[in-house]
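The values are calculated or read from the model by the stated rules, or taken from the named source; none is laboratory data. Just so it is clear, the structure is predicted and the values come from calculations on it, not from any experiment. Because the Cβ atoms are built from the backbone with ideal geometry, glycine has one as well, and the counts that use them run over all protein chains shown.
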Amino acid sequence: MEKEAEEIMIFAGSSSVDFVDKMCKYLGIERGVSKTSHFREGNTYVKIEENVRNKDIYLVQTIGLDANNSFVELLFWIDSFKRSSARSVTVIMPYFSYAKADKKDEPRVSIRARVCADCIEIAGADRVITIDLHSPQIQGFFKKPVDNLYAHPILCEFIKTRNIPDLVVVSPDAGFARNARRYASYLKVPVFICEKTRKDHSEQAEIRDLFGPVTIKNALIVDDFTITCGTLIETANVVKQKGAEKIYAMVTHALLDEKAIEAFNKSDICELIVTDTVANPLIVENKKITTVSVAPFFAEAVKIIEDKGSLSSLFELLPENLLKSCF
């Protein structure tokens, strides 16, 4: 590396402390010293507790289970680094919840993802790195560089360790079909596409049909995120009717609440594989849910940026030591 490892400064927002610790362990450095306080009336206070003048800063804050508070805290962090004369601030958002709100699909609504993008840039961010954006076109909402990494190489390498015979990949809807084909291509297996309809904002969807090869033995349902598990469970029901023996599911961002986990535990899905982009304490002890870490993946991205390299190398063959650190 052109820079010494100790010069890399990675700071954690309150929603990503464990994630940053994993990144720093991979890089062999210490997490930046900082403090976050939340006052009774709801105000958030942030403070950098070491010198960052003329430093290139990496700030990690996922916008997930407490989206509004996490997002406001992120803005305060960016502002504090810029006012402390940091040379640059790269925002790492393992999950960007408002990416789902990417268009005006009905009258008199806000394009919330665009509002968030404007706020992040106005606060002073110089670059944004995330993974599996729900709507990749959101990269165009920013004037600053946005790098959208893909989790499928890591997730696919993990599912390979399960040695599942006669596997097929299943996309819950046509919207995720392109990404599902990436999974299928990586695993060299067939792909099915479901037809999904959503009538309102109730987070409940209906899976109507399944298109693809004739038979299914073992299925892997893939998606970018899940909140209620409704789409995964509905898809699993359709796949089961097609004769599937074992059904697995794999998503990048796991935002399940207690009700969702209860429904999932009763479903035909034998295992749900997720990443740690969202620190969700409800899934930690669940025997049907397996977490694969992408923190080393982001740490590798930081190394590449520091070396003035291209992040496209992360879309190719992943180093063995990186995969071992992930799972």
Inset, instruction - Return the residue satisfying two criteria in turn: it lies in segment 289-327 and is among the acidic types (Asp, Glu) and over 22 Å from Arg31 (Cβ atoms), and of such residues it is surrounded by the fewest Cβ atoms within 10 Å (Cβ to Cβ). - result: Glu316
Legend entry - Criterion (at pLDDT below 95, β-branched (Val, Ile, Thr), within 18 Å of Met93 (Cα to Cα) and out of contact with any Gly (no Cβ under 8 Å at 6 or more places or on another chain)) met by exactly one of Ile122, Ile138, Ile131: Ile138
Inset, instruction - Taking Ile122 as the residue in question, decide whether it is free of Cβ contacts under 8 Å to residues at least 24 places away in the same chain, touching a Leu at 6+ places or on another chain (Cβ under 9 Å) and part of a helix (DSSP H, G or I). - result: yes
Inset, instruction - Please enumerate the residues belonging to segment 10-38 that are farther than 22 Å from Phe96 by Cβ and not in a helix (DSSP H, G or I). - result: Gly28, Ile29, Glu30, Val33, Lys35, Ser37
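Yes or no, residue by residue, for (1) in a helix (DSSP H, G or I); (2) modelled with pLDDT of 95 or more:
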| position | (1), (2) |
| --- | --- |
| Ile154 | yes, yes |
| Phe158 | yes, yes |
| Gly175 | yes, no |
| Arg178 | yes, no |
| Arg181 | yes, no |
| Glu195 | no, no |
| Lys199 | no, no |
| Ser202 | no, no |
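Yes or no, residue by residue, for (1) over 15 Å from the mean Cα position of the chain (by Cα); (2) part of a loop (DSSP other than H, G, I, E, B); (3) modelled with pLDDT of 95 or more:
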| site | (1), (2), (3) |
| --- | --- |
| Ser267 | yes, yes, yes |
| Cys270 | yes, no, yes |
| Ile273 | no, no, yes |
| Phe298 | no, no, yes |
| Val302 | yes, no, yes |
Legend entry - Set Val239, Val251: member being over 19 Å from the mean Cα position of the chain (by Cα) and either modelled with pLDDT of 95 or more or part of a helix (DSSP H, G or I) (or both): Val239
Inset, instruction - Could you check Val170 against (1) assigned to a helix (DSSP H, G or I); (2) hydrophobic (A, V, I, L, M, F, W, C); (3) assigned by TED's automatic domain parsing to the domain that holds Leu187 and say which number it fails? - result: (1)
Inset, instruction - Would you please name the residue that is nearest to the chain's Cα centre (by Cα), looking only at residues in segment 53-68 that are more than 11 Å from Phe11 (Cα to Cα), in a loop (DSSP other than H, G, I, E, B) and not small (Gly, Ala, Ser)? - result: Thr62
Inset, instruction - All but one of (1) closer than 24 Å to Tyr98 by Cβ; (2) out of contact with any helix residue (DSSP H, G or I) (no Cβ under 9 Å at 6 or more places or on another chain); (3) assigned to a loop (DSSP other than H, G, I, E, B) hold for Lys143, so report the exception by its number. - result: (2)
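Residues checked against (1) touching a strand residue (DSSP E or B) at 6+ places or on another chain (Cβ under 7 Å); (2) within 21 Å of Thr277 (Cα to Cα):
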position: Ser14; (1), (2): yes, yes
position: Leu65; (1), (2): no, yes
position: Asn69; (1), (2): yes, yes
position: Trp77; (1), (2): yes, yes
position: Ser80; (1), (2): yes, no
position: Ala101; (1), (2): no, yes
position: Lys104; (1), (2): no, no
position: Ile111; (1), (2): no, no
Inset, instruction - Among the candidates Ile261, Ile233, Ile221, Ile273, single out the residue that is under 20 Å from Ser325 (Cα atoms) and either among the aromatic types (Phe, Trp, Tyr) or crowded, with 18+ Cβ neighbours inside 10 Å (or both). - result: Ile273
Legend entry - Residue pairs meeting the criteria (Cβ under 8 Å; at least 6 apart or on separate chains; first farther than 21 Å from Phe158 by Cβ, in segment 303-319; second among the polar types (S, T, N, Q) and part of a loop (DSSP other than H, G, I, E, B)): Ile304/Ser310
Legend entry - Residue identified as among the aromatic types (Phe, Trp, Tyr), over 26 Å from Ile304 (Cβ atoms), within 18 Å of the chain's Cα centre (by Cα) and at pLDDT 95 or above among Phe71, Phe96, Phe76: Phe71
Inset, instruction - Would you point out which residue out of Asp126, Asp118 is in contact with a Ser or Thr (Cβ under 8 Å, 6 or more places away or on another chain) and outside the structural domain of Thr231 (by TED's automatic domain parsing)? - result: Asp126
Inset, instruction - Pull up segment 69-103, narrow it to residues that are assigned to a helix (DSSP H, G or I) and of a type in the set (S, T, N, Q), then point me to the one that is farthest from Asp126 (Cα to Cα). - result: Asn69
